[in-house]
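Colleague: Supplied in structure tokens, the structure appears directly below.
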Amino acid sequence: MDVGLIGLGKMGTGIAKSLLRAGHRVTVYNRTRERAEALRKDGAAVASSVAEACRSDAVLTMLADDSALEAVVFGEGGILKALPRGGMHVSLSTISVALSDRLAAEHARAGQEFVAAPVFGRPEAAEAGKLAIVAGGPKAAVERCKPMWDAMGQKLLMIGEQQSKANVVKLTGNFLIATVLESLGEALAFARKSGVDGAALMEFLTSTLFNAPVYKTYGALIVEGKHDNVGFALPLGLKDVRLVQQAADAQRVPMPIASVLHDRFVTAMARGHERSDWSVIGQIAAEDAGLARAKSA
């Protein structure tokens, strides 16, 4: 496929590489051009504008938050104006349910197609083509993207025609990951304060009761104190917790644990961890218990 890709943070760059490796023709655009130019060696073409990236079978966006995506879609020379009738916009970002509904309505009004396809996985999974993808949108449009899904991921959930359902699934998943971070942090603080070796505890737990990638990956990061290895930055985690709260409020669903997570993330921000991986909330739990920070390996 001819693919335009806008947004080249760690995730976007990894996705671009997996698409190129699979033989797709990829045109990339990023506000900081150097990141786009770095992909020339991998075979990417570099667009000089958002509009230029829209001259493809589909334009993909992987942007940090609602405001960044709104600027790229609705701004002067943005996707909404540049994409031809029948063109397709695929949003890979974690965005609000409300914005997803707005994008679906505005693209439909312009005679364009919109697919919400947020992804699960850290940057290394993006580059390896091992993401999990949740796709919402018109069935024909989602199926037309199959060559891209095959290149990007190892698991696809087609959630239905309503695009924002995919965003609900993504927010649900990120909420659960955040609860794992908090529970791991509290559990490890308790164990360490009681004299139990954290590494031995995690090896035992993740090879028995909690034999799942999320526990293994984040348990290791918390035990080793590797919060400078940023796969998902703390401010993005806070943003996602807020999006969960907003969407839950709209549905009148109480989520008290989300409020605890919100306060923990704000505490971590207040302690100067804006540039840390979101696993740093495990360190906050340790600090609150009067423990020293785990030494990075």
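Colleague: List the residues whose amide H sits under 5 Å from the amide H of A135, counting only those 5 or more places along or on another chain, with H placed 1.01 Å from N in the peptide plane.
Modeller: L157, M158, I159
Colleague: If I model a spin label at K155 and Q251 as a point 7 Å from the Cα along the Cα→Cβ vector, what separation in nanometres do I get?
Modeller: Between K155 and Q251, the label points sit 1.9 nm apart.
Colleague: With no solvent and one equal point scatterer placed on each C-alpha of segment 2-162, evaluate the Debye formula and give log10 I(q)/I(0) for q = 0.08 Å⁻¹, two decimals.
Modeller: Rounded to two decimals, the profile gives -0.19.
Colleague: Additional query: Averaged across orientations, what area in nm² does the convex hull of the alpha carbons in segment 169-288 project? It would help to have the intermediate numbers written out before the result.
Modeller: Numbers: hull surface 29.3 nm².
Orientation-averaged projected area of the Cα hull: 7.3 nm².
Colleague: Quick one: what are the phi-derived ³J(HN,Hα) couplings along segment 248-261, Karplus 6.51/-1.76/1.60 with θ = phi - 60°, whole Hz, x for glycine and proline?
Modeller: The phi angles translate into 5, 4, 5, 9, 6, 10, x, 9, x, 5, 4, 5, 4, 4 Hz.
Colleague: Considering only DSSP beta bridges whose two residues both sit in the chain, what percent are antiparallel, to the nearest 5?
Modeller: Details: 4 of 28 bridges.
Rounded to the nearest five, the antiparallel share is 15 percent.
Colleague: For the pair A292 and R85, how long in nm is the line joining their label points, each one 7 Å along Cα→Cβ?
Modeller: Distance between the two pseudo-spin positions: 7.0 nm.
Colleague: Could you compute the FRET efficiency for A22 and E76, with r as their C-beta to C-beta distance and R0 at 45 Å, rounded to 0.05? Walk me through the numbers before you get to the answer.
Modeller: On the way: r = 33 Å, r/R0 = 0.74.
That pair, A22 with E76, gives E of 0.85.
Colleague: Stretch E143-R271 to full length: gain in nm at 0.36 nm per residue minus the Cα-Cα span? Can you show the working numbers first?
Modeller: Numbers: separation 128, 0.36 × 128 = 46.08 nm, distance 4.55 nm.
So the chain would gain 41.5 nm between E143 and R271.
Colleague: Let me ask another. For V3, what residues show an amide H to amide H distance below 5 Å, using hydrogens built from the backbone and excluding near sequence neighbours?
Modeller: Here the answer is R25, V26, T27, D57, since their amide H atoms fall under 5 Å of that of V3.
Colleague: Order the peptides 44-54, 266-276 from the highest to the lowest mean number of other Cβ atoms within 10 Å of their residues.
Modeller: Details: 44-54: 19.3, 266-276: 15.1.
Highest to lowest by the protection proxy: 44-54, 266-276.
A short reminder: the numbers here are calculations on the coordinates, not readings from a lab. Just so it is clear, the model here is predicted, and its values are computed rather than measured. No Cβ is skipped: glycine too gets one built from the backbone with ideal geometry, and neighbour counts run over all protein chains shown.
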